[in-house]
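Notes for the one structure printed next.
The values are calculated or read from the model by the stated rules, or taken from the named source; none is laboratory data. Bear in mind the structure is a predicted one, so any value in this text is a computation, not a measurement. Reconstructed Cβ throughout: ideal geometry from the backbone, glycine too, with neighbour counts over all protein chains shown.
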Amino acid sequence: MLDVDVTKQLGQLKLEVAFQSDSPVIGLFGPSGAGKSSIINMIAGLSKPDRGTIKIGSETVDDTAIGLHVPPHRRRIGYVFQDARLFPHRNVSQNLDYGRRMNKLAPDPAHFERILNLLDIGHLKNRRPGQLSGGERQRVALGRALLAKPRLLLMDEPLGALDQERKAEILPYFERLRDEEHVPMVYVSHDPDETRRLAGHVVMLKHGRIAAQGGPEILPP
Ligand SMILES: Nc1ncnc2c1ncn2[C@@H]1O[C@H](COP(=O)(O)OP(=O)(O)OP(=O)(O)O)[C@@H](O)[C@H]1O
């Protein structure tokens with residue numbers, strides 16, 4: 001369960017949002033500048049709300065009333081961005097292992113193999129990021145996040161830099177993640193079709209506020 005009730009002044013924009021859901025995928029949907037990434041950054045712990053609370057499952061990670069702010073590396077959250085942000089001089093295996101090592105988790109070869117199979121990236125292990133397609137890079141970035149065994153995965157426009165064909169190639173992997181790995185996700189997008197396909201609960205944002213929230217039926221056609 002994710003429960004967010006925060007306000008934050010961002011330059012001219014006052015972000016003021018409250019939503020909670022135990023849907024496997026929560027979609028944050030809205031136009032550019034609506035405040036989607038700012039919410040994701042607060043859930044990740046990369047920025048602090050001016051006021052409010054954030055709860056992930058049973059743990060409160062932010063509560064401004066008592067000065068509580070759990071730092072990002074203690075939140076057990078995975079983050080996937082629009083650009084994969086892989087280390088260019090390390091091969092795929094080394095990139096994949098990074099999340100696990102940063103979180104000081106013991107090697108888990110069975111989990112490693114399962115994630116590689118789930119994302120079909122086993123054959124890419126020895127390549128460097130520059131030798132991968134955009135879609136392959138995103139699958140590796142997703143694998144790296146998953147291998148850190150996050151309790152929540154934040155996806156900020158993960159398909160935003162890809163063309164339609166690549167998007168269609170990757171969406172089924174996100175569905176497998178949701179249906180087979182059961183990793184809860186917050187999925188940011190301004191594409192209604194993508195959001196409809198993945199999200200059980202949709203939060204529609206406009207100018208830093210919630211314009212509507214509910215099932216995918218609230219999305220525009
Ligand atoms: N640290 C900051 N200081 C001042 N203004 C900020 C800060 N961070 C974000 N903003 C502003 O807040 C607004 C919301 O930005 P945000 O990146 O959250 O929107 P978004 O919905 O994710 O947009 P996009 O789809 O373009 O990524 C923007 O107008 C942005 O310029």
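Kindly evaluate residue 181 against the criterion of being out of contact with any helix residue (DSSP H, G or I) (no Cβ under 8 Å at 6 or more places or on another chain), farther than 27 Å from residue 35 by Cα and of a type outside the set (A, V, I, L, M).
The answer is no for residue 181.
If you take the residues of the stretch 4-32 that are over 21 Å from residue 196 (Cα atoms) and not hydrophobic (A, V, I, L, M, F, W, C), which of them is nearest to the ligand (Cβ to nearest atom)?
11
Restricting the search to the stretch 195-208, which residues are over 16 Å from residue 172 (Cα atoms) and crowded, with 16+ Cβ neighbours inside 10 Å?
201, 202, 203, 204, 205, 208
Name the single residue, out of those in the stretch 73-125 being part of a loop (DSSP other than H, G, I, E, B) and among the basic types (Lys, Arg), that is surrounded by the most Cβ atoms within 10 Å (Cβ to Cβ).
Going through the stretch 73-125, the residues part of a loop (DSSP other than H, G, I, E, B) turn out to be 75-76, 81-91, 103-108, 120-121, 125.
Now restrict to residues that are among the basic types (Lys, Arg): 75-76, 85, 90, 104, 125.
Values: 75: 22, 76: 17, 85: 14, 90: 14, 104: 8, 125: 14.
The qualifying residue surrounded by the most Cβ atoms within 10 Å (Cβ to Cβ) is 75.
Which numbered condition trips up residue 103, out of (1) assigned by TED's automatic domain parsing to the domain that holds residue 169; (2) closer than 14 Å to residue 149 by Cβ?
Every condition holds for residue 103 apart from (1).
Counting just the residues of the stretch 34-56 that are in contact with a Gly (Cβ under 9 Å, 6 or more places away or on another chain) and within 9 Å of the ligand (Cβ to nearest atom), which one comes out nearest to residue 158 (Cα to Cα)?
So, considering only residues that are in contact with a Gly (Cβ under 9 Å, 6 or more places away or on another chain) and within 9 Å of the ligand (Cβ to nearest atom), the one nearest to residue 158 (Cα to Cα) is 36.
If we only count strands (runs of 3 or more DSSP E) wholly inside the stretch 1-65, which ones have 3 or more residues that are out of contact with any Ser or Thr (no Cβ under 9 Å at 6 or more places or on another chain)? First the steps, then the outcome.
Details: elements: 2-10, 13-21, 25-29, 51-56, 59-63.
Once the strands (runs of 3 or more DSSP E) in the stretch 1-65 are filtered for at least 3 residues that are out of contact with any Ser or Thr (no Cβ under 9 Å at 6 or more places or on another chain), what remains is 13-21.
Is there any pair linking a residue in the stretch 155-168 that is under 12 Å from residue 187 (Cα atoms) to one that is among the basic types (Lys, Arg) and in a helix (DSSP H, G or I), with Cβ under 7 Å and at least six apart or on different chains, and which?
So the pair list comes out as 159/167.
Say whether the condition of being in a helix (DSSP H, G or I) and either among the acidic types (Asp, Glu) or within 16 Å of the ligand (Cβ to nearest atom) (or both) is met by at least one residue in the stretch 196-218.
Yes - at least one qualifying residue is present in the stretch 196-218.
Just for the stretch 141-194: of the residues that are among the aromatic types (Phe, Trp, Tyr) and outside any strand (DSSP E or B), which one is surrounded by the fewest Cβ atoms within 10 Å (Cβ to Cβ)?
Among those residues, the one meeting the criterion is 173.
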